Amino acid sequence: MNVGIISDTHDNAEATERATEIFREEGVETVVHCGDFVAPLMVPYFDEFELHGVLGNNDGDVANLRAAFDGLGGESELHGRFADLEFDGLSFAVLHGESKAEVEAIAAGETYDFVCYGHHHERELSEEGRTTVLNPGAHFLTKSEDDRTVAILDTRSESVEFRSVLG
């Protein structure tokens, strides 16, 4: 199965629309959002996917974000500040990741197959023992256009591909 990983959409509707187009093209059924939707109006862009999200430091309207997730129905869920997920037998820790030390500590514990985070607006794909650390990039205030990306994770091959949202 292909899982779409996204973070830091920051109300950027154009980039979010492009991200969902990419996810559709890649046959993604489930999307993991690593926080900073910012406004609840971003959630409906993901209505055709099973959406799992965590809260970021810019997600202040939690009640309305939860209501937007409830509107998606199905298995979609806003998990709070941390999500412990499993897809095709692979375990995922998902957090926004303001503290890089926290991300590194979770990865160093080698409890999860993947640690997915956002916040820093720079994509990352690295290994920490048996754990893959993944930041999909961002849609807002990136240091480089190369970081304006989403990630597609193939659970069968455990491979990750970054795709640009710049169209």
- Query: Among the residues of segment 9-66, which ones are closer than 25 Å to R156 by Cα and among the small types (G, A, S)?
  - Reply: A19, G27, G53
- Item | Number of positions in segment 10-27 that are touching a helix residue (DSSP H, G or I) at 6+ places or on another chain (Cβ under 8 Å) and either part of a loop (DSSP other than H, G, I, E, B) or open to solvent by 40 Å² or more (accessible area, probe 1.4 Å) (or both) | 2
- Of everything in segment 1-43 that's more than 20 Å from F92 (Cα to Cα) and in contact with a Ser or Thr (Cβ under 8 Å, 6 or more places away or on another chain), which residue is modelled with the lowest pLDDT? A15
- Are there any pairs, at least 6 apart or on different chains, whose C-beta atoms fall under 8 Å, with the first in segment 73-88 and touching a residue at least 12 places away in the same chain (Cβ under 8 Å) and among the basic types (K, R) and the second assigned to a strand (DSSP E or B) and buried (at least 17 other Cβ atoms within 10 Å of the Cβ), and if so, which? R81/L95
- Query: For segment 43-58, does any single residue satisfy the condition of being outside any strand (DSSP E or B), open to solvent by 70 Å² or more (accessible area, probe 1.4 Å) and more than 20 Å from T16 (Cβ to Cβ)?
  - Reply: no
- Query: Of the residues T132, T111, T155, which single one is at pLDDT 95 or above and either crowded, with 19+ Cβ neighbours inside 10 Å or basic (K, R) (or both)?
  - Reply: T132
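Kindly establish whether V103 is modelled with pLDDT of 95 or more, crowded, with 22+ Cβ neighbours inside 10 Å and either among the polar types (S, T, N, Q) or more than 14 Å from F37 (Cβ to Cβ) (or both).
Answer is yes for this residue.
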- Where L141 falls short, out of the listed (1) modelled with pLDDT under 95; (2) in contact with a Gly (Cβ under 8 Å, 6 or more places away or on another chain): (2)
- Item | Test result for L78, out of contact with any Asp or Glu (no Cβ under 6 Å at 6 or more places or on another chain) and either surrounded by 15 or more Cβ atoms within 10 Å (Cβ to Cβ) or over 13 Å from G35 (Cβ atoms) (or both) | yes
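The values are calculated or read from the model by the stated rules, or taken from the named source; none is laboratory data. Predicted model, so just to flag it, every value in this text is computed and none were measured. Please note: Cβ atoms are built from the backbone with ideal geometry, for glycine as well, and neighbour counts cover all protein chains shown. Areas reflect the complete protein model, heavy atoms only, side chains present, ligands, DNA and RNA absent. Shrake-Rupley method; radii C 1.70, N 1.55, O 1.52, S 1.80 Å.
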